[in-house]
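Report on the following structure.
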Amino acid sequence: MLKVCALYKAIKLPELIYNTRIDVQNKMTTRTDLRNLTQEEIVDYVESLGQPAFRGRQIMAWLYRPGISEFSQMTDLAKDFRRILSEHAYMSSFQNPLIERSKDGCVKFGFRLDDGKMIESVLIPEPDRNTLCVSSQVGCAMNCSFCLTATMGFIRNLSPAEIVNQVCAVGDFLRAESKGNLIGSDRVTNIVFMGMGEPLNNLDNLLKSLSILTEQRGLDLTNRRITVSTCGIVPQMQILGENSTANLAVSLHAVDDETRDKLMPINRRYPVAELIEACRTFPMAKRKRIMFEYILLKGINDSDAEAHKLAKLLRGIPCKINLLPYNESPAIPYKSPSYSRILSFQKILMNAKYSVFVRSSRGSDISAACGQLAREENSDIS
């Protein structure tokens, strides 16, 4: 169970609720999206409506069941209370996503938000799991030079509901698929926060979404199947570790400040040494490991010398290393190294006794691979 961040305790309930204003018989009223609330907040909310706390837990048990879209379907709630809920609250969802299918089985989803902005999620199916790469922001402010999402700039954070509804919508998609089209099971089993945006720059909503995803009455995922990726927002890393047991992935991509400054401007604020120290002190259970992600760019960071420096840099940190051959794009000038160069880099790290994986590029034919998520519509829609 996710620990409740102390930050939330200092905030009063009305500030925690995301509201939508609607016109009911020519009178403006405000309804609360219950999918923005953790179970604890739903309990507080129903108590504010004069109901006992257990009603909140009943609602949570219904809120993420497949096919539930109306309070009238929550049959163990009194009819009068269901009517009150309909007047004051609602359950948001993503409908009619744009869907693109890759020849390798990946599926990219484009979800249109209430303000017209678009976000993307990517389903990566395998026989033993269905991994969903979710977005945490519209666009991104990190401006990493190798990432297409950076070309969008930062537009806004996603609410907890907008994060969680990506998982719900893809779950609906899987359940509707014919068995012949399924590679894995008919449910999302793994979540990676590696889509649009820097998750730790939307930390409050990230923590709330993690609570909903792992709540037994919610989506009932285990933290060991959830990974949060960051480019290295050092103070927020500590808060994440103190309030969640989700896995941490760190986008490193260079072993020295000069190179990392050019690739990732965040390094000028939190340089390599500071980031590595934050990884060494990251709150983590025994037998857990940090995933270091290292994108390989031809002639930039892929030499044998840099592999040796990486091995030395990470010494003593419980970790594994994910090597990512660059997914090339006409809009960005970097190139991917040859396969032999990638294997040479990997071998040096393996000889240094690290667990090293070369991530296969999935979904590149539909611009769904790592670093390729971007929606031009966002700049035109208000």
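The values are calculated or read from the model by the stated rules, or taken from the named source; none is laboratory data. Quick caveat: nothing in here was measured; it's all calculated off a predicted structure. For neighbour counting, all protein chains shown are included, and Cβ atoms are generated from backbone atoms with ideal geometry for every residue, glycine included.
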**Request:** Scan the range 57-68 and report the pairs whose first residue is within 19 Å of Lys208 (Cβ to Cβ) and touching a residue at least 12 places away in the same chain (Cβ under 8 Å) and whose second residue is crowded, with 20+ Cβ neighbours inside 10 Å and of a type in the set (Val, Ile, Thr), with Cβ atoms within less than 6 Å and a gap of 6+ or a chain change.
**Result:** Ile59/Ile42; Met60/Ile42
**Item:** Among (1) among the hydrophobic types (A, V, I, L, M, F, W, C); (2) closer than 30 Å to Asn181 by Cβ; (3) in the same structural domain as Asn36 (by TED's automatic domain parsing), the one test that Met60 misses
**Value:** (2)
**Request:** Examine the range 197-207 for a residue that is within 15 Å of Arg129 (Cβ to Cβ) and in the same structural domain as Asp104 (by TED's automatic domain parsing), and state whether such a residue exists.
**Result:** no
**Item:** Residue list for the range 71-99, filter: aliphatic (A, V, I, L, M) and either buried (at least 21 other Cβ atoms within 10 Å of the Cβ) or part of a loop (DSSP other than H, G, I, E, B) (or both)
**Value:** Met74, Leu77, Ala78, Leu85, Ala89, Met91
**Asked** Of the residues that make up the range 43-52, is at least one farther than 21 Å from Lys208 by Cα and assigned to a helix (DSSP H, G or I)?
**Response** no
**Asked** Does Ile163 count as under 16 Å from the mean Cα position of the chain (by Cα), closer than 18 Å to Ser102 by Cβ and assigned by TED's automatic domain parsing to the domain that holds Leu174?
**Response** no
**Prompt:** So how many residues does the range 149-163 have that are over 18 Å from Gly116 (Cα atoms) and either in contact with a strand residue (DSSP E or B) (Cβ under 6 Å, 6 or more places away or on another chain) or surrounded by 23 or more Cβ atoms within 10 Å (Cβ to Cβ) (or both)?
**Reply:** 0
**Message:** Testing Ser102 on (1) closer than 25 Å to Phe173 by Cβ; (2) buried (at least 19 other Cβ atoms within 10 Å of the Cβ); (3) modelled with pLDDT of 95 or more, one condition comes back false. Which one is that?
**Reply:** (3)
**Asked** Which of the residues belonging to the range 285-302 are in a loop (DSSP other than H, G, I, E, B) and of a type in the set (D, E, K, R)?
**Response** Lys286, Arg287, Lys288, Arg289, Lys298, Asp302
**Request:** Please find, within the range 303-325, the residue that is surrounded by the most Cβ atoms within 10 Å (Cβ to Cβ) out of those that are assigned to a loop (DSSP other than H, G, I, E, B) and either of a type in the set (Gly, Ala, Ser) or touching a Ser or Thr at 6+ places or on another chain (Cβ under 9 Å) (or both).
**Result:** Ser303
**Prompt:** If Ala273 satisfies every condition in (1) within 18 Å of the chain's Cα centre (by Cα); (2) over 20 Å from Cys140 (Cβ atoms) but one, which is the exception?
**Reply:** (1)
**Request:** Scan Lys347, Lys353 and give me the residue that is without any contact (Cβ under 8 Å) to a residue 24 or more places away in the chain, closer than 30 Å to Gly105 by Cα and in the same structural domain as Met237 (by TED's automatic domain parsing).
**Result:** Lys347
**Message:** Just the residues that are at pLDDT below 95 and of a type in the set (Gly, Ala, Ser), please, taken from the range 274-306.
**Reply:** Ala285
